[in-house]
Amino acid sequence: MPRPHCPLCGGGGTSLYSGLRDALFGAPGAWRFVRCERQRCGLLWLDPQPLEADIGRAYSSYYTHKMLPADSVSGVRRAYRAIKDAYLARRYGYATRAPRQIQSLVALGLRLFPDRRQFIEGEVMHLSALPNGRMLDVGCGNGRFMMLMREHGWAVSGVDSDPAAIDSARRAGLDAALGDLHSCRFESDGFDAIAMRHVIEHVYDPVGVLRECRRVLKPGGRLAITTPNASSWGHAIFGSVWRGLEPPRHIQIFTPTALADAAGQAGFLALTLWTSARSRGIMAAESLRIAAASAGGGRRPVSLWTAGLWFRFIGGARLAAHPLSGEEIMLIATK
């Protein structure tokens, strides 16, 4: 399906990459990304795009189909969970058995490990505790995030259009609806928070989905979005093999400005927007994996391997100097 104009601002597009294949999950086809010519926007999108009726084929072996694993009972994992709970109690008000003195010590200690601190904060999408608050997880997959937030006191519902993923979530006892956000017709003003974790890049009408999120969100409720950053340093390094592209499942890739504009078009007030380097290890490893698969022989180009190593170790420091160059964009908006 041809898409010659930017789906966000209507600007023209310049070809960026062509002949891209799905080296991660084996979806058929060769794909092209174009970049919006309007510098303020900078959105990347697929042109042509797969037909909506066919896109399900791209998810036939997707990672969200996996059943949720049983909780580990190892001593190391229990200790790490206690540290996370203590920090989240201090940072966002979640329940914990840890005394306030321990919470303070953990928060102080994690200042020395900013990457780990960002990772822990990202696990709850930077949302503060709200006892008995209602949360909707849009694009819930197998329900991993839903289960975590349920443990933290939220009443969580989820929605996803992937039948296999929804089956996994329901087997775990989660309230997960099959379909898209529009077709499920959730009640207006029904949720205190909505989470979209690496979802908005997958949808065909991002502004329309955001408008529906606004409809079902309570006045004053929070929308939390995370998505790959087209302006990231990782994209600049890895180019056409950057993990964040993921054709054909990623219909568009946002820049920070483009995501803020999309939220504004949907009627949201953007509270905070920033980028994070917390996923750079995964981005580097999987980008190198894509590069190896694209080369056909399973070997990683030496130049990319060296760049990837450099990227993993100094990405956090570079983010301090270039705040919008992180691998993920994080947006918290309110109705």
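The values are calculated or read from the model by the stated rules, or taken from the named source; none is laboratory data. Note that the coordinates shown come from a computational prediction; the quantities given were computed from them, not determined experimentally. Backbone-built Cβ (ideal geometry, glycine too); neighbour counts: all protein chains shown. The accessibility values were calculated without ligands, DNA or RNA, using every heavy atom of the protein model including side chains. Shrake-Rupley method; radii C 1.70, N 1.55, O 1.52, S 1.80 Å.
What Rg and what Dmax come out for region 142-297 when only alpha-carbon atoms are used, in angstroms?
16.9, 54
Just to be sure I follow: if Rg is taken over the C-alpha atoms of region 80-157 and Rh is the Kirkwood radius over the same atoms, what is Rg/Rh? Don't skip to the answer; put the middle values down first.
Values: Rg = 12.7 Å, Rh = 13.0 Å.
Ratio of gyration radius to Kirkwood radius for region 80-157: 0.98.
Percent of accessible area on the chain owned by carbon and sulfur, 1.4 Å probe?
54
Could you work out the relative contact order of region 70-137, using alpha carbon pairs under 8 angstrom and six or more residues apart, expressed as a whole percent?
Details: 39 pairs, mean separation 18.9, N = 68.
It rounds to 28 percent for region 70-137.
Add -39500 (n - 2.57) for each DSSP H run of 4 or more in the chain, then divide by its residues: what number comes out at 222 nm, to the nearest 500 deg cm²/dmol?
It lands at -11000 deg cm²/dmol.
Using the Karplus curve 6.51 cos²θ - 1.76 cosθ + 1.60 with θ = phi - 60°, what ³J(HN,Hα) values do you get for each residue of region 88-105, in whole Hz, with x for Gly and Pro?
5, 5, 5, 7, 10, x, 6, 5, 7, 8, 5, x, 4, 5, 5, 4, 5, 5
Starting from one equal scatterer on each C-alpha and no solvent at all, send me the Debye-based log10 I(q)/I(0) for region 155-238 at q = 0.12, 0.20 Å⁻¹, two decimals.
Reported log10 I(q)/I(0), two decimals: -0.42, -0.99.
Sorting check: for 219-226, 324-331, which peptide has the highest mean count of neighbouring beta carbons within 10 Å, and how do the rest follow?
Details: 219-226: 20.2, 324-331: 23.4.
The peptides rank, most packed first, as 324-331, 219-226.
Given 37 °C and 0.692 mPa s, how large is the Stokes-Einstein diffusion coefficient of region 207-284 in µm²/s, with Rh as the Kirkwood radius over Cα pairs?
236
Plugging the Kirkwood radius over Cα pairs into Stokes-Einstein for the chain, at a temperature of 10 °C and a viscosity of 1.306 mPa s, what D comes out in µm²/s?
76
Starting from the Cα of L271, step 7 Å toward the Cβ, then list every residue of region 115-135 with an amide N under 17 Å from that point.
Only 121-135 pass the distance filter.
Can you give the alpha-carbon Rg of region 31-173 over 2.2 N^0.38 Å, where N counts its residues?
1.33
Quick one: dipole size for region 88-154, taken about the Cα centre, charges +1 on Lys/Arg Cβ and -1 on Asp/Glu Cβ, in debye to the nearest 20.
The dipole of region 88-154 has a size of about 240 debye.
At 0.36 nm per residue, minus the direct Cα-Cα distance, what do F113 and Q39 gain on full extension? Give it in nm, one decimal, please.
My answer for the length gained is 23.2 nm.
Roughly what % of DSSP beta bridges within the chain run antiparallel, to the nearest 5?
55
Under 13 Å from the Cβ of F191, count the other residues' Cβ atoms, weight Lys and Arg +1, Asp and Glu -1, and hand me the total.
Net charge around F191: 0.
For Cα pairs less than 8 Å apart in space and 6+ apart in sequence, what is the mean separation divided by the residue count of region 97-169, i.e. the relative contact order in percent?
On the way: 72 pairs, mean separation 19.5, N = 73.
The normalised contact order for region 97-169 reaches 27 percent.
With a Förster radius of 51 Å, plug the Cβ-Cβ distance of A30 and S128 into 1/(1 + (r/R0)^6) and report the FRET value to the nearest 0.05.
Taking R0 as 51 Å, the efficiency between A30 and S128 is 0.70.
Can you tell me the order of 152-163, 79-90 when each peptide is scored by its average per-residue count of other Cβ atoms within 10 angstrom, highest first?
Working: 152-163: 20.8, 79-90: 18.2.
Per-residue mean Cβ counts within 10 Å order the peptides as 152-163, 79-90.
Which peptide among 192-201, 284-293 comes first, and what is the full order, when sorted by highest mean count of other Cβ atoms within 10 Å?
Going by the mean number of other Cβ atoms within 10 Å, highest first, we get 192-201, 284-293.
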